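For reference, the structure discussed in these notes is given below.
The values are calculated or read from the model by the stated rules, or taken from the named source; none is laboratory data. The shown structure was predicted, so the numbers you read here are calculated from the model rather than taken from an experiment. Cβ: placed from backbone, ideal geometry, glycine included. Neighbour counts: every protein chain shown. The protein model used for the area step is the full one, side chains on, heavy atoms only, and it has no ligands, DNA or RNA in it. Shrake-Rupley method; radii C 1.70, N 1.55, O 1.52, S 1.80 Å.
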Amino acid sequence: MREHPRSSLPGKERESKMIKNRCLLSVLCGAVLSWMSLPARADLNVTGVLPPPSPWGDLSINPQTNFLYISTENEIRVLDGRTHQLLHSVPMNGAAEVEADPTRNRIYARNTRLTLIDGRTHAVVNSVPLEDPDHKRDMVYSPLSNYVYIADIGCISRPDCLSFLAVYHGDTLQHFEWVTVKRFPQQIVIDPELNRVYVRYAEENVITVISGLTVIGEIPLEAAPMTMAVDPTTHTLYVLEKNGTHLTVIDGRRNAVTGRYRLTGNFEMVYRMAVNPQTGDVAFARRDARDTPGDFVGHRDEFHSLLLWKGAVSPDGRLEFAQRKELRRSLWGLWIAPTTERIYARHLGDDGGKLLVIEDAPPTDVHPPTVTVTLQREPNAAGWFTAPVPLTVRATDNPGGLGVDLITLTWNPSEPPPTMLHKTGYGDQLEALLDNASASYRVRDVAGNELHGSISLRIDDDPPQTAAALSGAPGGLTQVTLSATDPGAPDSSGAAGTWYNVDGGPFARYTGPFTLSPERSHIVRYYSRDIAGNGEAEKILEVYRSGDVNNDAQVEIGDVIRILQIVVGGGSPTPQQLGAGDQDGSGALDVADAVRLLRRIVGL
């Protein structure tokens, strides 16, 4: 007979022979005893996915009927826990938190109202509005006291404000009591047989214990708790500390900490864990963020794992996880169905999220998706683009598969980051604007099968650059040489040709150096184009017949300065100089006179 895994905890006596005496519900006891005869299996695999028709809120499982209650935006969907067939739909106004009562076969739903649903007919029995529903945080039901507890953060604008558990009668939904607790309660869980409610807070290093309507104690912690879960069979409370490095184990009968164990990896993003009351297994959703080469600076490709702990602890005080399933997606909720031992994980995504079914079973989907890459613009005849290319990566899962989950684009880290509309797409399509010559994609389906591929593009969005050089003796022919280069190597397409004209004539393709006569000044216009089709902005070269003081065949700033010095003689101008340069009769050689004089000297 398979032993209860909780018997392997240090300092714990074996509990498997005592389960029946401690069970609250006969149906749960039967489930525990029937599980003990099941054969052991080895691997965790995603065997199914339950996509809600709209963004959804919560899941609750009734172990007595093995029904799943999934809250969506406008209804509560009732599914068979074995076949996942839709059995009923209960209309709701907004997504709700749901809590199943296996003892009376009822369901409680909380959004802006508190609603009671009959588990046999799935008809709404009663519904009452909640006061300040935005202040409500979590809900549990106590079958022994027949109370519904709802965490209320109270006033949030003052540091001295109080928070409460609002208590409602389970039949009438009448609100009849407030239980004062510390500020900002974030989660409440219950041990139904002990009838103890545990409250964790956002900022307090303590767990509050409530029995009925009375606070009976506080359990101090070394760090603020991040999430917690109860094993009602062994009356054990598990608390994951906020820094994500330690798991604290608490004996609920004595409200005493019995162990504090180190966890490896980054648990910062753990929002929930779950306990299987039949096996004592604890499921964790682990976030392990690792930098990925070629990714955006400061961004990370996050890898998430589902870990199953069966109570084993290494000699150095670390948890030894028995099973691990890498999911690489953020899990915002975990639930375990006692009857089927299936783990349900809320897999967050742009589509509102999916509900994954995870089991110790062979995978049902072993084939990766297929991928097509569609360019939204065609290249030129030479196969080049001159601007970032909009593209779509579309994936299709194999027939019978669980669906496409994720598409990610990466690139060579030696290249500059491309302009991306999206780097990662959840679902079967990713649109991007890519201005690198190549990129790699990774497509994964919900089951974890991956397909890797690459995209090669020829993109050159930089125009060529043309330089002009002059040569020749003063007073003789001036030779003009044009040379074009295409920057951006090795991804440049290369210069395709250079065109020029002289003194407003027609443009001609440049084939070699050409000459200009010395009898007059000349204006040369020129530009180049590359093979991709990028055109250089037109450039202008001015060649003058006179005023070339330094004999380089063109007038420069240095020439202008020397000409003006000749005109004014390096000091006050003479009357003869003024007569030649004072064009406006002001009696002084001003800037306007100098410009006019210079234009006359160079023949313009």
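Observations
- The Kirkwood hydrodynamic radius of the stretch 326-394, based on inverse pair distances between different Cα atoms, is 16.2 Å.
- An ellipsoid equivalent to the stretch 51-133, defined through the eigenvalues of its Cα gyration tensor, has semi-axes of 19, 15, 10 Å when rounded to whole angstrom and sorted largest first.
- For the stretch 216-258, average projected area of the Cα convex hull in nm²: 3.0 nm²
- Restricting the GluC sites (Glu not before Pro) of the stretch 506-547 to loop positions (DSSP other than H, G, I, E, B) with no more than 12 neighbouring Cβ atoms within 10 Å leaves E519.
- Ordered by solvent-accessible area of protein heavy atoms (1.4 Å probe), largest first, the residues D397, D43, D435 come out as D43, D435, D397.
- The residues neighbouring T392, those whose beta-carbon lies less than 12 Å from its own, together hold a net charge of 0 under the Lys/Arg +1, Asp/Glu -1 convention.
- Take E222: with every protein chain present and a 1.4 Å probe, its accessible area is about 130 Å².
- Under 5 Å from the amide H of F514 lie the amide H atoms of V480, each residue being 5 or more positions distant or on a separate chain, with H modelled from the backbone and absent for Pro and chain starts.
- Accessible surface, per residue, of the stretch 190-247 when the full set of protein chains is kept, probe 1.4 Å, Å²: 30 Å²
- Working from the Cα coordinates of the stretch 455-518, the gyration tensor eigenvalues give, after taking √(5λ), semi-axes of 32, 13, 7 Å in decreasing order.
- Positive contributions from Lys and Arg (+1) and negative ones from Asp and Glu (-1), summed over other residues with Cβ under 9 Å from the Cβ of L451, come out at 0.
- Computed over the alpha-carbon atoms, the stretch 72-226 gives an Rg to Rh ratio of 0.99, Rh here being the Kirkwood radius from the mean inverse distance.
- In order along the stretch 135-148, the Karplus-derived 3J(HN,Hα) couplings, from 6.51 cos²θ - 1.76 cosθ + 1.60 at θ = phi - 60°, round to 8, 7, 10, 7, 9, 9, 10, 9, x, 6, 8, 6, 10, 10 Hz, and Gly and Pro are given as x.
- Around L402: net Lys/Arg minus Asp/Glu count, Cβ-Cβ under 10 Å: -3
- Pairs with C-alpha atoms separated by more than 30 Å, drawn from the list K136/K310; K242/K354; K182/K354; K182/K325; K242/K310, are K136/K310; K182/K354; K182/K325.
- Percent of Cα pairs exceeding the 15 Å cut-off, where the set is the stretch 423-483: 71 percent
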